[in-house]
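Enquirer: Take this structure, written in C-alpha cells, and hold onto it; I'll ask about it next.
Just so you know, all these numbers are worked out from the coordinates, no wet-lab data involved. The structure presented is a predicted model; accordingly, all values stated were derived computationally and were not measured. Note that we place each Cβ from the backbone using ideal geometry, even for glycine, and neighbour counts take in every protein chain shown.
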Amino acid sequence: MSVRLCEGCLKPLGPMDGSYTVCMPCTQARQKAAVSGGSCHCGRAKRPSEVHKHFSRTWISCLRCLGTIKQLS
C-alpha cells in the first residue's frame, strides 16, 4: 500500500481525507488565502515556489495555500 502525500504540506494523508489530494489544514489555508485577497498567511509552514512572471508582474507564490508570498515587481 502506498502512502499518499498532501500536495500542500507533503505530509501523509490520513484515512479521513478520502479521495482528496490536500489535507484539511492546507484546505483551510487555501480558503483563508482566497478570502484575504490572495496573500499567504502560512507563516513558518509556507512553501515558496519558483519565481512566476506574467507580463510585467513578477511574484513568488506559496505551494501550500497558493497565495502570494512576495510581489517582486
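Enquirer: I need a count of the residues in region 11-42 that are loosely packed, with under 12 Cβ neighbours inside 10 Å and on the phi > 0 side of the Ramachandran plot.
Expert: 2
Enquirer: Checking the structure you have, find out if any residue of region 43-55 is touching a residue at least 24 places away in the same chain (Cβ under 8 Å), surrounded by fewer than 18 Cβ atoms within 10 Å (Cβ to Cβ) and not β-branched (Val, Ile, Thr).
Expert: To start, the set of residues in region 43-55 that are touching a residue at least 24 places away in the same chain (Cβ under 8 Å) comprises 45, 47.
Restricting the remaining residues to those that are surrounded by fewer than 18 Cβ atoms within 10 Å (Cβ to Cβ) gives 45, 47.
Filter once more, keeping what is not β-branched (Val, Ile, Thr): 45, 47.
Checking region 43-55: at least one residue is touching a residue at least 24 places away in the same chain (Cβ under 8 Å), surrounded by fewer than 18 Cβ atoms within 10 Å (Cβ to Cβ) and not β-branched (Val, Ile, Thr).
Enquirer: Could you tell me whether region 27-36 includes any residue that is among the aliphatic types (A, V, I, L, M), touching a Ser or Thr at 6+ places or on another chain (Cβ under 9 Å) and not in a loop (DSSP other than H, G, I, E, B)? Can you show your working first?
Expert: Within region 27-36, the first condition is being among the aliphatic types (A, V, I, L, M), and the residues that meet it are 29, 33-35.
Remaining after also requiring touching a Ser or Thr at 6+ places or on another chain (Cβ under 9 Å): 33.
From what's left, not in a loop (DSSP other than H, G, I, E, B): 33.
Yes, region 27-36 contains at least one residue that is among the aliphatic types (A, V, I, L, M), touching a Ser or Thr at 6+ places or on another chain (Cβ under 9 Å) and not in a loop (DSSP other than H, G, I, E, B).
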